[in-house]
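J.: Got a structure for you, questions after.
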Amino acid sequence: MLGNFTYCNPTKLYFGNDALKGLKEELPKYGKNVLLVYGGGSIKKNGIYDDIVKILKDCGKEIFEDGGVMPNPTVEKLYEGVERAKKGNVDLILAVGGGSVCDYAKAVSVSVFCNEDPWDKYYLRMEDVDNKIIPVGCVLTMVGTGSEMNGGSVITNHEQKLKIGHVFGDNVMPKFAVLNPEYTFTLPEKQMVAGFFDIMSHILEQYFSGEDDNTSDYVMEGLLKSLIHSARIAVKNPKDYEARSNIMWTATWALNTFVAKGKTTDWEVHMIGQAIGAHTDATHGMTLAAVSIPYYKFIMPYGLQKFKRYAVNVWNVNPENKTDEETALEGLKEMEKFMREIGLVMNIKDLGVTENMLEGVADSTLIMEGGYKVLTHDDVVEILKASM
Ligand code: NZQ
Ligand code: ZN
């Protein structure tokens, strides 16, 4: 059942190979001081940085730079960003990069006026924002997280071995996002396919949950089919604009609250993946890929009919003369074949996890309650073992 809800997504999107013109439209709406946030330098190599700086200057902005945001941004970097934003008295935070840069920008946005440790307040205690927020805008260069149109912000605390995401409300979502598929052409193949699987995982985390047969399930099946089709094309030809643009659009809709309507949502694959990330700093999408098949095989008996539907509707498995279990398993087999075909990491050993780390990773795994089975600590260890 869809249930009762209010729906609003306040992020304005500019999409296409001329999307940067949207930045010129948006900038005049904000004050003079802009914190320009970016990662480890890819935007300087591919020229996006120069284009952005020119537009900022043409619009009369004072630029305060905050580069060096690492993949899986850390709490130490967050504290540094807060100081930079304070010093610049910034009116807008412009994130130019992937999910890490966008997530970090949101974290800084809510933390500048927070009068206690933002890690404790927002990530450990998951409290709402009750202080002033600095608006965030995004120019996306890596596709996968959906961070460009959602309130999610994931921060890693290596000392505490925790990687935690806070999903902030409408007021923290980016005010605008520039989505130019061509910006993703320079991504290394490993990052590209990790992003593809992140999208798939976001959809599956919502699909495999709650009651079936509402609009969200049908939309998700469509998104998955589009993603699988386009990913196969993009892996062969990363510069195929049509495939890359379809994937970019799919990523945004996979995680912007829309398909969650009517679903309890699971997110356990992400919780295990994030725990692996906290221990290894591995690429987000790969942590999900390495545990997904063992996880889904583990929970399949608890949601068998949905796994059968997934096999038939998404992977075109013919259910005739097969038990429900056989059909469902064949769907997971097709999924695994696709994952290997596009070049994902399929075990956690390759991400740096060793046998003696499994208990610790399980300890760092948050247990969610929206999926088909609420895992125990031992269940997590079993799934991790099967992922080795
Ligand atoms: O740092 P630079 O030099 O820019 O290089 C980045 C980085 O090394 C590179 N890159 C990005 N765009 C590029 C490019 N290289 C060449 N050309 C380009 N156009 O790609 C690398 C990875 O970037 P990153 O932003 O870390 O990747 P992603 O977008 O996958 O973001 C991952 C982070 O987002 C969080 C993850 O946990 C992780 O911390 N997530 C955020 C979510 C959300 N906001 O809702 C949900 C997700 O499930 C996820 O947890
Ligand atoms: Zn993800």
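J.: Going by amide H atoms built from the backbone, whose H comes under 5 Å of the H on F176, apart from near neighbours?
T.: Here the answer is K12, C138, since their amide H atoms fall under 5 Å of that of F176.
J.: Report, to the nearest 10°, how far helix 268-280 tilts away from the longest principal axis of the Cα atoms in the chain, using its own Cα long axis and a range of 0 to 90°.
T.: Its long axis makes an angle of about 60 degrees.
J.: Report, to the nearest 10°, how far helix 75-88 tilts away from the longest principal axis of the Cα atoms in the chain, using its own Cα long axis and a range of 0 to 90°.
T.: 30
J.: Can you figure out the FRET efficiency of K225 with K87, using R₀ = 45 Å and their beta-carbon distance, to the nearest 0.05?
T.: It comes out at approximately 0.40.
J.: For F185 and N9, what does the FRET efficiency come to when R0 = 35 Å and r is the distance between their Cβ atoms, rounded to the nearest 0.05?
T.: Approximately 0.80, to the nearest 0.05.
J.: Within the chain, what whole-number % of the accessible surface is contributed by carbon and sulfur, with the 1.4 Å probe and all protein chains included in the calculation?
T.: The computed percentage sits at 51.
J.: Relative to the longest principal axis of the chain, what angle (0 to 90°, nearest 10) does the C-alpha long axis of helix 99-111 take?
T.: Compared with the principal axis, the helix lies near 60 degrees.
J.: First check a/c for region 183-294, with a ≥ b ≥ c the square roots of the eigenvalues of its C-alpha gyration tensor; if it is under 1.5, answer rounded, and if not, answer prolate when a/b is larger than b/c or oblate otherwise.
T.: oblate
J.: When all C-alpha to C-alpha distances in region 233-348 are sorted into bins of 10 Å, what percent of pairs does each bin hold, rounded to whole numbers?
T.: Taking all Cα pairs of region 233-348, the binned fractions are 12, 32, 42, 13, 0 percent.
J.: Using only alpha carbon positions, build the gyration tensor of region 12-183, then give the equivalent ellipsoid semi-axes as the square roots of 5 times its eigenvalues, largest first, whole angstrom.
T.: Largest first, region 12-183 gives 24, 17, 15 Å.
J.: If you don't mind, another one. Note the per residue figure in Å³ for the convex hull of the C-alpha positions in region 304-388.
T.: 114
J.: Sticking with this one: On average, how much accessible surface per residue is there in the chain, in Å², for a 1.4 Å probe, leaving out ligands, DNA and RNA?
T.: Per-residue accessible area for the chain comes out at 41 Å².
J.: Please list R244, R309 in order of solvent-accessible area, largest first, computed with a 1.4 Å probe with all protein chains present.
T.: R309, R244
J.: Let me ask something additional. For the chain, rounded, prolate or oblate, judged on the Cα gyration tensor with a ≥ b ≥ c (square roots of eigenvalues), a/c < 1.5 rounded, else prolate if a/b > b/c?
T.: In terms of gyration-tensor shape, prolate.
J.: Rounded if a/c is under 1.5, else prolate if a/b beats b/c, else oblate: with a ≥ b ≥ c from the C-alpha gyration tensor eigenvalues square-rooted, which is region 1-51?
T.: prolate
The values are calculated or read from the model by the stated rules, or taken from the named source; none is laboratory data. Remember, it's a predicted structure, so these values are computed and weren't measured experimentally. Don't worry about glycine lacking a Cβ; one is built from the backbone with ideal geometry, like all the others, and counts go over all protein chains shown. All accessible areas refer to the heavy atoms of the entire protein, side chains included, with ligands and DNA or RNA removed. Shrake-Rupley method; radii C 1.70, N 1.55, O 1.52, S 1.80 Å.
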